[in-house]
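In what follows, a structure is listed as structure tokens, so that the remarks can point back to it.
The values are calculated or read from the model by the stated rules, or taken from the named source; none is laboratory data. The structure presented is a predicted model; accordingly, all values stated were derived computationally and were not measured. For neighbour counting, all protein chains shown are included, and Cβ atoms are generated from backbone atoms with ideal geometry for every residue, glycine included.
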Amino acid sequence: MIFGILANPNLVNFEKVKKTLVKFLINKKSSVLIEDFFAKKGDRSVSYISRENVIRKSDVLIVLGGDGTLLHIAEAASKNKKPVIGINLGNLGFLTEAPVGELKELLEEFFQNNLVLDTRDLLQAKIFKSGKLIYKKYFLNDVVINKGALARIINLDLFVDKSLVSNIRADGIIFSSPTGSTAYSLSAGGPIVTPSLPLVIITPICPHTLANRPLVISNKSVIRVRVDSFKSPVYATFDGNASMEMESDFELEVSKSHLKFKLLRSKETEYFNVLKEKLMWSNSYGRKQ
């Protein structure tokens, strides 16, 4: 079994966690690949290679960090059909499975075939210029159209399956998958939806009129948005990392993709328990209902 280890490059305690992890995996007669960013001189217990090759050559990926770190590798892991175990070294962590203190316990469950597969659909975004496709990107959480540094309203024309739905004046707009419903969309007033639902959430950011509310549609629909005001720069941002400046003749299209992100989780991890923990929902009766 080949394990690939990927991590947030800013982790201050990576070496300590890595030593524990590598020792455990080698004792399990497994090979370990680590991204070459973390290479240390004289360390021959593992192989250090590029992130692309870690993902391509591994049987299972172990990702150390927060949800943002998982989002960075989601597209590549999905394209290579590699399952992922997320270890939470961040703050919130809806996607990461367990804190670092439970790392060994979680991996023991893996070797005993006790982990279950939690499959999440990715959406795809296409950017067109004068009707010609110039950029394509897959995303797990969301794609956001927002303004640059200047505080100016953006005018947006929103289409669903070629029908004009609304002319929206807002600070921007979020197109979110069910997985991303607990991310930026939630902060902007969007609904929480369970990850298995086949839908897309459209959430205006600070709309000029209260008539523009979040909209939930089938992921079988094709969504298009055209930005028709450019008094300041406007950007499309994918899962909070990749971005592209939108110009006056650009259109963004969002639709369902064929890619699936495979998370390995403990059988004890239950979606609503995660919500209650992360969002600090109280149980007024102090017991399960």
Item to check | Positions within segment 215-234 being in a loop (DSSP other than H, G, I, E, B) and not small (Gly, Ala, Ser), in sequence order | outcome: ASN219, LYS220, VAL222, ASP228, PHE230, LYS231, PRO233
Checklist outcome for this item: Checked ASN167, ASN146 against criteria (in a strand (DSSP E or B) and surrounded by fewer than 14 Cβ atoms within 10 Å (Cβ to Cβ)); the one match is ASN167
Checklist entry - Which one is modelled with the highest pLDDT among residues in segment 250-278 that are more than 17 Å from THR179 (Cα to Cα) and exposed (fewer than 13 other Cβ atoms within 10 Å of the Cβ)? => result LYS267
Next on the checklist: Going residue by residue through segment 252-270, is there one that turns out to be assigned to a loop (DSSP other than H, G, I, E, B) and without any contact (Cβ under 8 Å) to a residue 12 or more places away in the chain?
Outcome noted: yes
Next on the checklist: Take LEU89 and tell me if it is modelled with pLDDT under 90 and under 13 Å from the mean Cα position of the chain (by Cα).
Outcome noted: no
Item to check | Tally of residues being hydroxyl-bearing (Ser, Thr, Tyr) and buried (at least 20 other Cβ atoms within 10 Å of the Cβ) across segment 46-79 | outcome: 3
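One line per residue, one yes/no per condition, for (1) in a strand (DSSP E or B); (2) over 30 Å from LYS18 (Cβ atoms); (3) of a type in the set (Phe, Trp, Tyr):
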site	(1), (2), (3)
GLU105	no, no, no
ASN113	no, no, no
VAL116	yes, no, no
ARG120	yes, no, no
PHE159	yes, yes, yes
THR194	no, yes, no
Checklist entry - Is it the case that THR237 is assigned to a strand (DSSP E or B), on the phi < 0 side of the Ramachandran plot and out of contact with any His (no Cβ under 6 Å at 6 or more places or on another chain)? => result yes
Next on the checklist: Considering only residues that are exposed (fewer than 14 other Cβ atoms within 10 Å of the Cβ) and at pLDDT 90 or above, which ones fall in segment 1-15?
Outcome noted: MET1
Checklist entry - Residues of segment 44-86 being among the hydroxyl-bearing types (Ser, Thr, Tyr) and assigned to a loop (DSSP other than H, G, I, E, B), which ones? => result SER45, SER50, SER58
Checklist entry - Considering segment 126-159 alone, what residues qualify as being of a type in the set (S, T, N, Q) and over 16 Å from ALA236 (Cβ atoms)? => result SER130
Item to check | Positions within segment 204-229 being at pLDDT below 95 and either under 30 Å from LYS81 (Cα atoms) or surrounded by fewer than 16 Cβ atoms within 10 Å (Cβ to Cβ) (or both), in sequence order | outcome: CYS206, HIS208, THR209, LEU210, ALA211, ARG213, ASP228, SER229
Checklist entry - Do you know which of the residues in segment 170-192 that are among the small types (Gly, Ala, Ser) and more than 19 Å from SER257 (Cβ to Cβ) is surrounded by the fewest Cβ atoms within 10 Å (Cβ to Cβ)? => result SER187
Next on the checklist: Can you go through PHE128, PHE110, PHE139 and tell me which one is crowded, with 16+ Cβ neighbours inside 10 Å and within 23 Å of PHE14 (Cβ to Cβ)?
Outcome noted: PHE110
Checklist entry - On the given criteria, is VAL22 closer than 17 Å to LEU106 by Cα and either among the hydrophobic types (A, V, I, L, M, F, W, C) or at pLDDT below 90 (or both)? => result yes
Next on the checklist: For segment 16-44: of the residues being small (Gly, Ala, Ser) and exposed (fewer than 13 other Cβ atoms within 10 Å of the Cβ), which is nearest to the chain's Cα centre (by Cα)?
Outcome noted: ALA39
Next on the checklist: Just to be sure before I move on: is VAL143 assigned by TED's automatic domain parsing to the domain that holds GLU251, in contact with a Lys or Arg (Cβ under 8 Å, 6 or more places away or on another chain) and not small (Gly, Ala, Ser) in the structure I sent?
Outcome noted: yes
Item to check | Exclusive hit being over 20 Å from the mean Cα position of the chain (by Cα), of a type in the set (S, T, N, Q) and under 24 Å from LEU186 (Cα atoms), set ASN241, ASN212 | outcome: ASN212
